[in-house]
Amino acid sequence: MNINFSTATFKDFENIPGMNMMERADIYYDFLEYMKENGHRYRLQNNTGCSSVMEVGAEEVTKEFISFVTSDYLGFTQHPKVKQAAIEGIEKYGTGTAATPLIGGYYSYHKDLESKISSFFGRTQEEAVIFTTGYTTNSATLQILLQKEDIAILDMAVHASVYEGCILTNRKTFPHNNLDALEQILKKSENEFRTKLVVIDGVYSQDGDIAPIEEIYKLVKKYNAYLMVDDVHGVGILGKTGRGTIENTGLLDKIDIITGTFSKTFGNLGGYVIANKTLVNFIRFQSRQQIFSATTPPSISTGIIKAIDLIDEEPQWRSKLWENINYFKKGLDDLGLDTGTTCSAVIPVKIGDPHITGDVGKMLLDRGIYTNPIIYPAVARKDARVRMSMTATHERDHLDKTLNAFEDINKKLHIAKK
Ligand code: PMP
């Protein structure tokens, strides 16, 4: 089987007919070498802590870049109070849990973290359960809640972790944010499946646009289904008090399942499920990841607890983030670049062609600007874009330099749509 490296994507290596695992690994290795020889970067290495300015480089000389690649939206990975809380966590409790939650690895700081995140959403500790990553939160929750008589109905743009969670169940996708298509699936599924669970993101990770949550909620209830919202890119950023995409809809206490991560706004690692107490109890004691895998260590738990407090104690970070988002997006719009439908800290510059997108990424790197060119399979083949995440720690100078770079690149590559 021949794979054309010049057009191959990472997906082409998932299954190659007739090749065993070693052969697949070998050919994939050759593919990465080919990519490297042709000047494509894959997984750069950051040599400093997470920040809006990072030293980046492995084999090449390390250089300083303005970074738009992390989701450290409020800059909490470096917040002195978060760091201090993490240090205190280690000093008080040590470094690890050394057991799975069900058999001795559930500590008071886990309970404290569950209390903190649940009360952040106006709930009680019994209505929250934590996981080691946001990815596991989605995949484990869906895996245990849905079985083969059930159906997951997904907005097609939901995160990979949601797709992974649906391996044991029936799955149907509807075109992104398309309410008519969703209604049709709900209508057809109403009597055919036992549990119908619609899964959407609050903020979509590649476009930065938001879901029409109120409309979707109404449809879900009309057809006797349930709703799960993954709001990892909304919490801490959107909503009157930073409770995320759902807050301004007034449905925070009505959505059946809310999932989130501690790896973005909260500057750390882990994830959480917010749901009613029986559902949470079921996930807590039935999910294989809770039974057979250790959970969040002390320093992470105590660091996150402080970060959650800071959302209310230091709202200036959210204000600064929004100042940056509005300034930068206006700058890109003024250049005629296509930022799509973003309403969040995720800002795409939509280009379309994957090769030109790669070139833009490289030209930005040459100018000391680190972004993520996103191509298929993360987005549709003709919808490639350079994706940037804004943070509260970007300075005006970083944004101006980046806008100037885009202006120059546009003169050469004509990427403006307007
Ligand atoms: N959901 C969405 C929408 C995401 O973008 C991500 C991370 N990229 C996750 C879940 C998984 O979160 P984590 O990286 O914390 O595992």
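The values are calculated or read from the model by the stated rules, or taken from the named source; none is laboratory data. Since the structure is predicted, the reported quantities are computational estimates derived from the model, not experimental observations. For neighbour counting, all protein chains shown are included, and Cβ atoms are generated from backbone atoms with ideal geometry for every residue, glycine included.
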- Task: Confirm whether Asn224 is at pLDDT below 95, away from the ligand (no atom under 16 Å from the Cβ) and more than 15 Å from Ala345 (Cα to Cα).
- Result: no
- Query: Out of the residues in segment 258-287 that are outside any helix (DSSP H, G or I) and more than 16 Å from the ligand (Cβ to nearest atom), which is farthest from Gln78 (Cα to Cα)?
  - Reply: Asn276
- Message: Being under 23 Å from the mean Cα position of the chain (by Cα) and on the phi < 0 side of the Ramachandran plot: is that true of Glu127 here?
- Response: yes
- Residue pairs qualifying under the 6 Å Cβ cut-off, at least six apart or on distinct chains, with the first in segment 125-136 being of a type in the set (Phe, Trp, Tyr) and the second being within 15 Å of the ligand (Cβ to nearest atom), are Phe131/Thr137; Phe131/Gly271; Tyr135/Ser161
- Of the conditions (1) more than 16 Å from the ligand (Cβ to nearest atom); (2) under 21 Å from Gly236 (Cα atoms), Asn138 fails just one. Which one is it? (1)
- Message: Given the condition outside any strand (DSSP E or B) and under 25 Å from Phe76 (Cβ atoms), answer yes or no: does some residue in segment 214-232 qualify?
- Response: yes
- Query: Name the pairs: first residue in segment 199-221 and within 29 Å of Ile374 (Cα to Cα) and without any contact (Cβ under 8 Å) to a residue 40 or more places away in the chain, second residue assigned to a loop (DSSP other than H, G, I, E, B) and within 16 Å of the ligand (Cβ to nearest atom), Cβ to Cβ under 8 Å, at least 6 apart or on different chains?
  - Reply: Pro212/Asn177
- Residues being within 28 Å of Lys362 (Cβ to Cβ), without any contact (Cβ under 8 Å) to a residue 12 or more places away in the chain and either assigned to a loop (DSSP other than H, G, I, E, B) or touching a strand residue (DSSP E or B) at 6+ places or on another chain (Cβ under 6 Å) (or both): count how many of those fall in segment 8-37. 1
- Of (1) assigned by TED's automatic domain parsing to the domain that holds His398; (2) modelled with pLDDT of 90 or more; (3) among the polar types (S, T, N, Q), Asn20 satisfies every one except (1)
